Structures are given as C-alpha cells and as structure tokens.
Amino acid sequence: MKLSVVPLLFGLLLSHLTSTGICFQRNTAAGFGRTRLTRRGHASLLSSPSDAADVQVDSPEAPSDTSSEEDLPVSPISAAPFHQRAQESSATVAEGKTKRKVVIIGGGWAGFGAAKRMTDAGYNVTLLDASENPGGLSTGWRTEKGRPVEAGMKGFWFQYPNIFSLLRELNLSKWPLTPCTKSAMISPDGLECVAPVMQGYPRLPSPLGLMAATSFGEFRFRNVPLQDRASMLPLLAAIAEHDLDDDIYAQYDQMSAAELFKRCGVAESLYERFLRPVLLVGLFAPPEKLSAAVVLGMLKFYVLGHQPDFDVCWCRGSVSEEIFQPFVRSLEEKGADIRGGSFVREIKGGPDGRVQSVVYEKGGERIEETADAVVLAVGVKGLQKIVGASPLLRQQAELRRSMNVPTTDVMSVRIWFDKEVPCEYPSNVFAGFDRDVGGTFFHLNVLHDECRKENGTVYSCDFYHCGEMLPLSDKEIVDKTVRMLSTTVPAVAAASPNINVVDSSVLRFPGAVTLFGPGSFKQRPRMETPIKNLFLAADWVRDLPHGAQGLSQERAYVAGLYAGNLAMSSLEGGYGGNLKAGIREIEGDEPQVEAAREAVRKARQAISASPLRRLRNRLSTGSGEGGKDSVPPLAAPTGGLPPFL
C-alpha cells in the first residue's frame with residue numbers, strides 16, 4: 001500500500017504546475033520605472049465574443065440552479081457570497097467625521113485587495129501605480145496587428161475562495177473563467193504524465209482519491225519506474241513536520257531543496273524528470289536554489305490537501321481586461337482614486353516617526369500626497385527601491401534586510417501560426433529542455449474566447465529562471481520556442497516546414513519574481529512594519545496568517561485584504577480589531593493529515609525528553625539541557641530516516 005501512495009505525489013503537483021504561470025506581484029509597481037518590456041503596439045481592451053453559458057465545472061458542491069453562479073468552480077466554503085457580511089463586520093468611518101486617508105502603492109491583486117477592503121469600510125483611498133492601466137503583471141497589451149498579449153498565464157485553483165467571491169460580487173456580464181483542465185508534462189522524450197481534473201471523481205479522504213486516479217491509465221508516469229517514485233516516501237515525514245513551529249521551519253529554511261532530496265535518497269530519474277521541472281515551474285528556480293522549507297510547504301499543500309484542490313481553470317481572456325478593469329471600475333464607483341502613471345519616489349516621515357506623505361511623479365509633475373496610513377503592495381524590487389530612496393524606511397533594520405531577498409527572471413512569449421496545429425491538452429509543462437529553465441505552454445484557441453476566432457493557432461509560452469534567454473533577440477526566442485513546440489506538439493512537427501509564424505510577442509521581466517532561496521525566510525519582511533502606520537501586502541511576505549501558499553493570486557489578494565484590516569486597526573475611529581474580517585480561509589487539514597502531524601509532534605517531544613537525547617546535547621554543546629530546537633529535522637540523517645527509527 002505504501003508504494004501506491006507515490007503516484008499521487010506527482011499527479012497532485014502536476015495539476016498545479018501549469019497554473020502557476022506568472023502569478024507574481026509587479027516589482028516595479030512602486031513607480032521607479034515600469035518594467036522594461038519588449039513589446040509593440042499599445043494597451044487596449046480585450047473583447048470576448050462568447051457568453052458564459054458553456055462554462056461548466058463538475059463540482060459536487062456547485063449550485064444546482066440555472067443562474068450564472070452555477071459556473072463557479074469553488075469549494076464548499078466559498079459557495080456563498082460574503083461581501084455583505086464582510087462590510088457589516090468592519091467599522092465604517094462615522095458619518096460627518098473627516099475620513100482617514102490611506103495611500104496604497106502598487107496595483108495588482110494585493111493593492112486592489114487593500115483598496116477594496118478599505119473603500120468598503122468608508123476610508124479615503126488613493127492607489128498609485130506606475131502603469132497607465134494598473135494591474136501589476138496581469139496588465140495586457142496588443143501587438144501591432146491588434147492581437148492580445150499579457151504577462152503570462154494565470155491559473156485559478158479550487159481553493160481560491162476569496163477571488164471567486166470577488167468575481168461573483170463584481171456581477172460580471174459573463175463568468176470569466178474556463179472549465180478546469182487536464183495538464184500534461186512533456187519532455188524531449190515525449191509525454192511524461194498527465195494531471196487529472198479530480199472534481200469528476202467521488203470525493204475520498206486525501207490522498208485516496210488521487211491515489212486511485214493517478215496509478216493507472218492516462219494519468220500514470222511513463223518514464224519513472226515505480227521503485228524510483230517510491231524513493232519520495234521519506235519526504236512525507238518532512239512534509240508533516242516542517243511547519244510545526246518556527247524553529248523547525250528555520251532549520252529546513254537553511255537547507256536547499258536539492259540537499260533535502262539527497263538526504264532523503266530521492267532517485268536520480270525522479271529528481272531530473274519530475275522534481276526539478278516541477279520546481280522550476282512551481283517556484284521559479286531549480287532545487288539547489290530553493291529553500292527546503294518553502295518546497296515542503298508547496299508539497300504539503302498539493303500532496304496532503306483535499307482531492308479537488310489541484311483542479312485549475314483559466315481566465316477566458318486577459319486577466320487585466322476580463323477581471324481587473326471591472327474591478328477598478330467598481331473601486332472607483334465606491335470612491336477610490338486609482339492613479340495610473342504615478343511613479344513613487346519617496347515615503348516621507350513626520351516628527352513622530354510615522355509615515356506622513358508619499359512623493360510621486362505623474363506627467364512630469366512632482367506631487368506630495370499626505371497619508372494617515374500607507375500600504376506597500378509591491379514586489380521585491382519595488383520595495384528595495386523605495387527603501388533605498390526613503391530615509392524613514394532605511395532606518396529600519398527589518399526593511400533593510402529585504403535588500404537581501406533574491407529575485408529571478410521570467411518571460412512570456414506568444415506565437416500565432418497560420419495553420420491549425422492543436423495540442424491534446426490546453427495547458428502543459430516543458431520538462432527537460434533547458435536544465436535550469438522552466439517552461440509552460442498553453443493552447444489559447446481552447447482557453448481564450450477571442451483566440452477561438454483565429455484562423456490559425458495561438459500558443460502562449462512562459463519561461464521561468466530564464467536569465468540565459470534574456471539577451472537573445474525576439475526572433476531567436478521565437479525560433480527557439482517554435483522548436484520546442486515542434487518537439488512537444490505532434491501537429492506542429494507534422495506541419496513543418498509549411499507552417500508560418502504570422503505574429504508574435506516577447507515580454508521580458510528581469511528580476512520580476514521572488515526567489516525563495518535557502519535562508520531567505522528571515523530576510524522577508526512582515527506585514528506589520530516597525531513604522532506604526534506602514535504595512536506591506538504581497539504574496540512574498542513571511543507572516544500572512546492564511547492557508548494560501550506560494551506565489552499565487554489568492555495569496556496576493558488575501559494579503560491585500562489583510563493589510564487593509566491592519567491599516568484600519570491602526571487608525572483612530574476605524575476598524576474594530578478582527579484582522580481576519582472579510583477574509584475566507586481555505587479548507588483546513590483533513591482529520592488523517594491532522595493525526596499524522598500530531599503523531600510527528602509527539603514523536604519529537606518524546607525524542608527531546610529522552611535521556612539519550614539530553615546526553616547527546618550535553619556532549620555536543622557543553623550545556624546540560626537542550627532547548628526546544630534540540631531535535632533535528634526528521635530529514636537530517638543521511639537516507640532520510642527519522643532519528644527515532
């Protein structure tokens with residue numbers, strides 16, 4: 001039975017790989033200059049010709065009526081609207097009293113989340129973003145020939161309760177998301193594996209449903225033998241214990257994922273054919289550059305989660321135009337002031353050590369905006385530039401430590417062929433083409449409404465940890481991508497050399513996403529800063545009290561909502577203290593997972609209390625007693641065996 005657990009580890013992860021896309025906060029939204037783009041054309045609105053009637057998701061919990069809400073691909077906890085209750089639970093500014101003013105720096109999910117939370121509560125909200133059309137890296141553009149492009153594909157997971165509730169609240173004319181899709185991993189050797197859509201299966205306790213679905217048939221692994229897949233079993237103990245407390249997490253954070261896999265005896269074929277391409281796509285870096293703690297967090301979410309957690313759907317057009325544009329209009333109708341083209345230069349402090357104003361440039365004019373509170377909803381590079389330019393911020397050691405947080409490069413390529421050359425699965429992972437570069441590709445004729453009208457075929461290809469590709473010319477990058485598609489898509493190979501590229505786009509984003517390297521946890525800032533009225537909102541903060549993991553749209557949006565609550569709690573006459581008001585949590589661990597974690601916790605306590613352990617601590621440290629961190633991680637011994645075996 002133990003060996004049958006292993007196939008599920010891969011099916012779980014693969015379904016999340018292609019949805020990761022470029023789901024990150026805009027690092028230059030702070031206003032020190034827009035991300036340098038290789039693009040042609042201009043921004044314009046994407047029109048979608050089809051309605052939402054054909055979007056169906058086979059969820060047992062989906063409403064059974066015929067309203068537009070039947071298309072909502074959500075978990076049971078997010079099936080009911082919550083925005084009215086959320087607004088009632090927050091204290092609004094008293095009628096007739098001067099509204100407290102909040103400045104939010106940065107658009108995207110985090111910035112818009114903070115703006116929504118505080119606008120709903122009656123605050124005077126101004127949002128500044130460098131882009132003329134704020135939307136972080138979800139902003140869309142057009143090629144010279146008028147075709148839509150955007151900064152990477154964005155996946156929407158089953159456990160996105162807050163975003164799904166927002167979409168319902170916006171009352172859009174059509175549901176903006178596709179059905180959930182299968183996802184494939186393809187290498188130069190062919191198809192490696194396929195991730196299923198689990199909502200179509202009877203729901204079983206985790207991980208039994210995925211065990212059954214991924215052991216045979218379409219979803220099996222083609223090129224990694226069973227005994228090699230079984231080498232991942234020792235990781236289960238590390239997954240169960242890595243976040244039991246801060247000290248354990250810190251020990252794992254100091255270790256690289258590659259070192260963790262080596263200590264646990266992971267087979268080379270499993271490492272090279274699956275884990276390495278998984279992490280290049282899921283966390284934007286190879287295992288040797290990633291914190292083991294962060295990797296274990298991702299594995300916990302996708303391996304020990306709930307059966308449908310790994311199902312993913314996609315926006316039916318540009319996220320900016322299908323979701324963010326109506327979101328911005330909604331905020332403006334409620335009184336928010338959204339100022340695009342605003343380049344933040346400095347955050348100034350007052351004599352009391354609090355933030356007093358934000359200085360920015362717009363249209364060549366230098367403007368100073370006073371603020372009772374400020375929310376920084378930016379990425380790593382944006383925060384680093386603001387800290388470096390603001391004496392108030394750089395006096396704080398915690399904010400200066402963010403200068404040590406590394407980043408990595410991403411790229412989005414879109415190609416239009418003149419012939420129909422479809423692929424079997426609409427969302428896919430490139431595996432093993434460039435050892436240090438991750439990649440995904442998407443068949444947009446299936447996923448995007450506007451692309452369905454194209455006479456030929458449209459592919460969107462995203463690359464991660466791709467610094468070695470950035471110096472190449474657009475033509476060289478397009479040619480390389482076409483060669484990769486020829487290897488992975490039989491229809492493209494069969495049509496060569498009679499297939500032509502009629503349009504293309506290459507968008508480069510150097511240093512645009514966080515790299516969660518070993519030891520990076522202590523460098524990442526908290527949401528509450530030492531400056532009493534300054535707060536951070538991003539998917540890369542270290543202390544967001546929510547189950548959404550990794551670099552995801554849901555985590556960024558929830559961080560914005562939570563930062564809004566923090567800002568309100570700091571203002572006199574404002575928010576009443578429930579920092580999770582208006583925020584939906586994902587489903588908690590299932591009972592069997594909780595039981596496993598409790599067993600590991602008790603095992604560690606027993607080890608820590610044993611006379612042999614105390615003697616070992618005394619001999620190794622010279623002290624009489626070991627502290628609570630005296631028990632090493634379960635993955636510490638070579639071979640991955642827990643210390644009590």
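The values are calculated or read from the model by the stated rules, or taken from the named source; none is laboratory data. Not measured: the values here are computed from a predicted model. Cβ placement follows ideal geometry from the backbone for every residue including glycine, while neighbour counts extend to all protein chains displayed.
Can you name every residue in the stretch 593-616 that is surrounded by fewer than 16 Cβ atoms within 10 Å (Cβ to Cβ) and modelled with pLDDT under 90? Outline the logic, then answer.
Within the stretch 593-616, the subset surrounded by fewer than 16 Cβ atoms within 10 Å (Cβ to Cβ) is 594-595, 598-599, 601-602, 605-606, 609-612, 615-616.
GLN605, ALA606, ALA609, SER610, PRO611, LEU612, LEU615, ARG616 - these are the residues of the stretch 593-616 that are surrounded by fewer than 16 Cβ atoms within 10 Å (Cβ to Cβ) and modelled with pLDDT under 90.
Based on this model, can you work out whether LEU283 counts as surrounded by 24 or more Cβ atoms within 10 Å (Cβ to Cβ), of a type in the set (A, V, I, L, M, F, W, C) and either over 23 Å from LYS182 (Cα atoms) or in contact with a Lys or Arg (Cβ under 7 Å, 6 or more places away or on another chain) (or both)?
no
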Here is a check on your reading of the model: is GLN251 farther than 26 Å from ASP462 by Cβ, more than 18 Å from the chain's Cα centre (by Cα) and either in a helix (DSSP H, G or I) or without any contact (Cβ under 8 Å) to a residue 40 or more places away in the chain (or both)? yes
Of all residues in the stretch 329-342, how many are touching a strand residue (DSSP E or B) at 6+ places or on another chain (Cβ under 9 Å), assigned to a helix (DSSP H, G or I) and in contact (Cβ under 8 Å) with a residue 24 or more places away in the chain? 1
Condition (residue is in contact with a Ser or Thr (Cβ under 9 Å, 6 or more places away or on another chain), modelled with pLDDT under 95 and not in a strand (DSSP E or B)) applied to the stretch 452-475: is it met by at least one residue? yes
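Each row is one residue, and each column tells you yes or no for (1) buried (at least 17 other Cβ atoms within 10 Å of the Cβ); (2) aromatic (Phe, Trp, Tyr).
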| residue | (1), (2) |
| --- | --- |
| VAL410 | yes, no |
| ASN445 | yes, no |
| LYS453 | no, no |
| PHE463 | yes, yes |
| LYS475 | no, no |
| ASP479 | no, no |
Boolean, GLY432 is in contact with a Pro (Cβ under 8 Å, 6 or more places away or on another chain), in contact (Cβ under 8 Å) with a residue 60 or more places away in the chain, surrounded by fewer than 22 Cβ atoms within 10 Å (Cβ to Cβ) and assigned to a strand (DSSP E or B): yes
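Let me confirm something: among ALA115, ALA86, ALA110, which residue is buried (at least 19 other Cβ atoms within 10 Å of the Cβ), modelled with pLDDT of 95 or more and touching an Asp or Glu at 6+ places or on another chain (Cβ under 9 Å)?
Exactly one residue qualifies, and that residue is ALA110.
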Is there a residue in the stretch 70-82 that is at pLDDT below 90, crowded, with 16+ Cβ neighbours inside 10 Å and closer than 14 Å to ALA563 by Cα? no
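For the stretch 476-505, give me each residue that is small (Gly, Ala, Ser), within 30 Å of the chain's Cα centre (by Cα) and in a helix (DSSP H, G or I). Please lay out each step first, then the result.
Restricting attention to the stretch 476-505, the residues satisfying the condition of being small (Gly, Ala, Ser) are 486, 491, 493-496, 504-505.
Next, only the ones that are within 30 Å of the chain's Cα centre (by Cα) stay: 486, 504-505.
Matches in the stretch 476-505: SER486 only.
Output the helices (runs of 4 or more DSSP H) that fall wholly within the stretch 343-405 and possess 2 or more residues being crowded, with 20+ Cβ neighbours inside 10 Å, at pLDDT 95 or above and within 28 Å of the chain's Cα centre (by Cα), or say none. Explain how you work it out, then say what you get.
Working: elements: 380-389, 391-394, 397-401.
Helices (runs of 4 or more DSSP H) meeting the threshold: 380-389.
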Can you go through ALA563, ALA581 and tell me which one is modelled with pLDDT of 90 or more and closer than 27 Å to LEU544 by Cα? ALA563
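For GLY439, state whether it is within 22 Å of the chain's Cα centre (by Cα), closer than 17 Å to GLY152 by Cβ, surrounded by fewer than 20 Cβ atoms within 10 Å (Cβ to Cβ) and touching a residue at least 12 places away in the same chain (Cβ under 8 Å). I'd like the intermediate steps shown before the answer.
Numbers: within 22 Å of the chain's Cα centre (by Cα): yes; closer than 17 Å to GLY152 by Cβ: yes; surrounded by fewer than 20 Cβ atoms within 10 Å (Cβ to Cβ): no; touching a residue at least 12 places away in the same chain (Cβ under 8 Å): yes.
When the stated conditions are applied, GLY439 does not pass them.
Per-residue answers, yes or no, for (1) of a type in the set (Asp, Glu); (2) closer than 30 Å to LEU128 by Cα; (3) in the same structural domain as GLU454 (by TED's automatic domain parsing):
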residue	(1), (2), (3)
CYS264	no, no, no
ALA267	no, no, no
LEU275	no, no, no
MET298	no, no, no
HIS306	no, no, no
ILE323	no, yes, no
PRO326	no, yes, no
GLU332	yes, yes, no
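Which one is nearest to PHE442 (Cα to Cα), of the residues in the stretch 314-342 that are among the hydrophobic types (A, V, I, L, M, F, W, C) and within 20 Å of the chain's Cα centre (by Cα)? Working first, answer last.
Filtering the stretch 314-342 for residues among the hydrophobic types (A, V, I, L, M, F, W, C) gives 314-315, 319, 323-324, 327-328, 331, 336, 338.
Narrowing the set further to residues that are within 20 Å of the chain's Cα centre (by Cα) leaves 314-315, 319, 323-324, 327.
Working: TRP314: 10, CYS315: 12, VAL319: 15, ILE323: 20, PHE324: 21, PHE327: 26 Å.
Ranking the qualifying residues of the stretch 314-342, first place goes to TRP314.
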Restricting the first residue to the stretch 470-485 and requiring it to be more than 13 Å from VAL437 (Cα to Cα) and in contact (Cβ under 8 Å) with a residue 24 or more places away in the chain, which pairs with a second residue that is surrounded by fewer than 19 Cβ atoms within 10 Å (Cβ to Cβ) and hydroxyl-bearing (Ser, Thr, Tyr) meet a Cβ separation below 7 Å and a spacing of at least six or different chains? ASP474/THR38
Within the stretch 215-274, which residues are of a type in the set (Lys, Arg), under 30 Å from ASP543 (Cβ atoms) and modelled with pLDDT under 90? none
